[in-house]
Amino acid sequence: MAMLCPSTVRPLPERPSDTIRPLEPARRNRRVARYRELVRPLAVHYARCSNQELEDLIQVGLMGLMRAAEGFDDSRQDCFPAYARSHIRGAILHYLRDQAPVIRLPRRQVELEKSVRRLEGRAHGVADAPLTPLEIAARLGMDAAAWQRFERNRQLSRITSLEGIDRPDVSPSEEPENRERRDRVARALNQLEPCRRRIVAAVVMEGRSLRQVGAELGISPMTVQRRLKSALAELARSLADLQDWGACSEGAAASRSI
């Protein structure tokens with residue numbers, strides 16, 4: 001067998017992933033300075049939705065922009081602004097998930113839930129048949145409309161608890177119009193078909209990519225994108241008079257990447 005001289009052996013070509021090098025600090029800083037205007041619109045959208053301080057969200061968004069500038073591969077076909085928006089948005093959403101929920105159930109709902117559970121527990125602890133929903137509502141002095149509102153919010157709280165999103169009680173000092181806005185958004189979300197509701201929660205609230213959500217649900221990223229767009233359009237119609245929600249839904253639809 002012929003022996004190969006080391007000088008004649010050509011090294012294997014590097015894989016594309018091996019050729020990516022971290023961006024030099026100077027280039028990274030120039031890219032951040034050039035695209036920092038991408039941060040403020042997204043920060044404004046989520047400051048309106050969450051009642052968090054705008055400056056805090058801007059700082060968080062800038063950190064996301066810096067990570068995008070460091071991780072972007074110039075050989076990719078997609079443009080940097082779309083890539084950066086995904087990272088900015090993801091950074092803000094992760095911050096919001098850790099610091100404050102996007103949607104909170106009103107204090108009255110939490111108090112009613114405790115009362116209903118007490119009555120349900122008593123009913124199951126005796127030989128008599130459990131109390132019916134109408135009997136529970138009557139004992140709490142609730143009419144049919146109030147009970148229906150309670151049940152809708154209760155169902156929403158069960159769904160969102162499965163998403164892993166904590167929802168502390170609303171502060172008594174929160175303005176009534178903010179509570180009403182949150183209630184309406186919660187009701188609109190609850191009216192979505194379960195799969196689309198899950199997509200909205202995963203993409204908008206959790207900041208996950210379309211590819212991640214598609215892998216979890218067993219569908220393609222493009223299908224996730226279509227269902228997300230359809231769900232946001234339905235929410236926009238339901239909440240047409242809430243301008244803040246319209247801005248947030250438009251931002252979510254425009255900035256989400258695969």
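Of all residues in the range 82-114, those being modelled with pLDDT of 80 or more and surrounded by 14 or more Cβ atoms within 10 Å (Cβ to Cβ) number 16. If the condition is being closer than 20 Å to Val204 by Cβ, surrounded by fewer than 18 Cβ atoms within 10 Å (Cβ to Cβ) and at pLDDT 80 or above, then the range 45-57 contributes Leu54, Asp56. Does Asp241 count as within 30 Å of Glu113 (Cβ to Cβ) and at pLDDT below 70? Yes.
Taking the condition in contact with a helix residue (DSSP H, G or I) (Cβ under 8 Å, 6 or more places away or on another chain), exposed (fewer than 15 other Cβ atoms within 10 Å of the Cβ) and modelled with pLDDT under 80, does Arg76 pass? Answer is yes for this residue.
The values are calculated or read from the model by the stated rules, or taken from the named source; none is laboratory data. As the structure is a prediction and not an experimental result, all values here were calculated from the model. When we count neighbours, we look across all protein chains shown, and the Cβ atoms used for this are built from the backbone with ideal geometry, even at glycine.
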